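The block underneath contains the structure these notes are about, expressed in structure tokens.
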Amino acid sequence: MAVTGTVASCKPSTTTRRGNPAVREPVAYLRTSWSNDPFARCSYSYLAPSSLGARARTMLAAPVGDRLYFAGETTSSEAPSTAHGALESGRRAARQVIDAAEEGEHIVIIGSGFSGLGCARALVDEDYQVTVLEGRDRIGGRIWTQHIAGVPAEMGASWIHGSSGNVMTRILKEIGDPSYTFDYDNVTGEDDQAMRELARYEAKLEDAEDPNETTVASVMPRDPSAALRTALNINYPLEYAAEPRQLSVMATLEGRDLKGPDLLLPRGYDRILAQVRGGIPVRMRHVVTGIQYGRDGVTVTLWDGNTVQADRAVITVPIGVLKAATIDFEPTLPDAKQEAIKALGAGLLDKLWLEFPKPFWDKDVDVIEWFDPKNPNLWSWWVNGYKAFGKPVLLGLNGGDQAHRLARASDDEVVDSAMRALQHMYS
């Protein structure tokens with residue numbers, strides 16, 4: 001099943017492989033390809049090297065002429081690249097609108113992720129008229145809960161990061177759902193020596209004279225060992241969705257400190273999204289192609305030529321969409337806004353969920369790491385779904401260059417690649 005460019009396929013494999021007979025073929029799989037989703041074009045944002053540094057986020061968040069407002073994880077200086085940062089940004093945009101708007105104005109919101117629905121909820125609660133437009137045939141944006149083996153398979157955001165004092169944790173308590181405390185240190189396959197070597201290089205990041213324009217790669221060896229490449233991959237592409245050469249040092253420093261353990265959600269992130277949404281209607285399959293704004297309000301043009309008139313607009317689309325310029329703004333966005341869009345990176349982290357007849361891996365660990373001497377950055381980090389959900393499920397992740405490479409491959413090629421890795425891991 002192909003949904004808005006992000007592939008979610010589910011079928012048994014018929015490929016026969018040599019190797020450990022305990023490594024059975026998957027009975028089902030789910031795959032993401034966020035760069036191929038025209039309504040995302042990325043997984044989440046990162047800070048690329050630029051003179052703006054973290055100011056790029058506040059510049060993107062700034063309103064334009066009291067008519068256009070911007071929200072989304074990309075605009076969050078406190079919690080960028082997170083679901084709770086997206087929700088907080090939507091509520092921040094709502095406060096900005098309320099400060100400028102007259103009572104009962106009509107606000108159009110583009111996007112139905114946490115930022116869009118969080119903004120809509122706050123405005124509806126203050127008696128504003130709200131229209132939420134969503135290009136997909138589902139709500140949620142990069143929150144997308146599918147199911148495999150009867151458990152939630154998060155295709156987008158998976159964790160509540162830093163659960164202590166987190167707005168998501170408060171909503172989780174409201175709905176009474178359980179959570180699973182994820183232990184990143186409960187790992188098998190980790191190369192401790194490579195991680196220690198990486199830590200020595202990372203210590204040099206603190207001495208960067210210009211963290212805004214200095215790349216993480218600049219303090220790393222030009223020809224790292226295969227083991228060090230694996231450690232780099234785990235710490236950067238799988239964390240920031242971008243390669244060390246693409247990341248500024250400031251990318252590793254921005255945002256507030258996260259407190260408390262990370263949580264997985266055994267009943268799914270979509271339940272938190274539903275709680276935020278409440279009964280707010282969303283117009284799905286409404287693809288926005290243009291936004292005209294001025295003193296008299298805003299006119300939003302849709303792909304079919306229809307328009308939506310409103311007093312103000314809140315734009316919550318991902319940075320990948322803004323960089324692709326698929327929405328035509330009239331007049332064009334101010335130079336500062338365009339500079340911010342250019343300075344922010346569109347990262348890629350893709351997932352492959354695999355369901356098996358029974359576990360063939362260590363059932364008691366949270367994380368499985370793997371070092372492939374021939375291809376150190378491929379399939380190097382896995383989540384043990386059996387530990388988290390009690391079902392024979394593995395989640396493999398790839399970020400940065402490897403994710404972009406796999407995005408061009410077919411479903412069968414991606415699954416075959418993962419299964420070859422698992423055969424080598426457990427041979």
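No value in this document is a laboratory result; all are computed from the given coordinates. Just so it is clear, the structure is predicted and the values come from calculations on it, not from any experiment. As a convention, Cβ positions derive from the backbone with ideal geometry for all residues, glycine included, and neighbour counts pool all protein chains shown.
Assorted remarks:
- Equivalent-ellipsoid semi-axes for region 151-217 (Cα gyration tensor, √(5λ), whole Å, largest first): 34, 19, 11.
- Summarised as an ellipsoid, region 36-159 has semi-axes of 25, 20, 12 Å, derived from the eigenvalues of the Cα gyration tensor scaled by 5 and square-rooted, with the largest first.
- Under 12 Å from Lys374, Cα to Cα: aspartates and glutamates that are on another chain or at least 8 residues apart: none
- Near Gly260, the amide H atoms lying under 5 Å from its own belong to Ser164; only residues 5 or more places off or on other chains count, and H is placed 1.01 Å from N.
- All lysines inside 21 Å of Lys323 as judged from Cα atoms, apart from same-chain residues fewer than 8 positions distant: Lys337, Lys342
- Per residue of the chain, the DSSP helices (runs of n ≥ 4 H) give a summed -39500 (n - 2.57) that works out to -8000 deg cm²/dmol at 222 nm.
- Choice from Arg312, Arg408, Arg91 with maximal GNM fluctuation in the chain (Cα, 10 Å cutoff): Arg408
- Taking Lys351, Lys363 and counting other C-beta atoms within 10 Å, the order from fewest to most: Lys363, Lys351
- Exposure proxy order (Cβ contacts within 10 Å, fewest to most) of Ser158, Ser164: Ser164, Ser158
- Rounded tilt (10° steps) of 411-425 against the dominant C-alpha axis of the chain: 40 degrees
- Length available on full extension from Val27 to Ser225: 0.36 nm per residue minus the Cα-Cα distance, which gives 67.7 nm.
- Simple label model, 7 Å out from Cα along Cβ direction - Lys342 to Asp210, nm: 1.6 nm
- With each label modelled as a point 7 angstrom along the Cα→C-beta vector, the Arg170-Asp183 pair spans 3.0 nm.
- Only Lys, Arg (+1) and Asp, Glu (-1) charged, at Cβ; region 144-278 dipole about Cα centre in debye: 580 debye
- Two-decimal Rg to Rh for the chain - Kirkwood Rh, Cα set: 0.97
- Between helix 226-235 and the chain: long-axis angle, C-alpha atoms, 0 to 90°, nearest 10: 30 degrees
- Segment Asp99-Ala325, extension gain: residue separation times 0.36 nm, minus the distance between their alpha carbons: 78.5 nm
- Sparse packing (at most 15 other Cβ atoms within 10 Å of the Cβ) combined with a DSSP loop state is found for the following chymotrypsin sites (Phe, Trp or Tyr not before Pro) in region 361-427: Tyr426.
- Region 53-95-region 339-357 distance, computed between alpha-carbon centres (Å): 19 Å
- The C-alpha atoms of the chain define a longest principal axis, and helix 114-125 lies at about 40 degrees to it.
- Under 22 Å from the Cα of Lys391 - lysines, other chains or at least 8 residues apart: Lys11, Lys351, Lys358, Lys363
- For region 193-249, the residue among Pro244, Ala227, Ala208 whose Cα projects farthest onto the positive side of the dipole built from Cβ charges is Ala227.
- Packing here is the average count of other Cβ atoms within 10 Å per residue, and on that basis the peptides 72-78, 233-239, highest first, run 72-78, 233-239.
- Relative to the current alpha-carbon distance between Asn36 and Arg271, full extension at 0.36 nm per residue lengthens the span by 82.0 nm.
- Residues Met250, Met419 in ascending order of nearby Cβ atoms (within 10 Å, fewest first): Met419, Met250.
- Cut-off 18 Å, label 7 Å out along Cα→Cβ of Arg245, residues of region 187-220 by amide N: 213-220
- A simple rule links phi to the HN-Hα coupling: the Karplus curve 6.51 cos²θ - 1.76 cosθ + 1.60 with θ = phi - 60°, which for region 93-100 gives 4, 4, 5, 4, 4, 4, 5, 9 Hz, with x for Gly and Pro.
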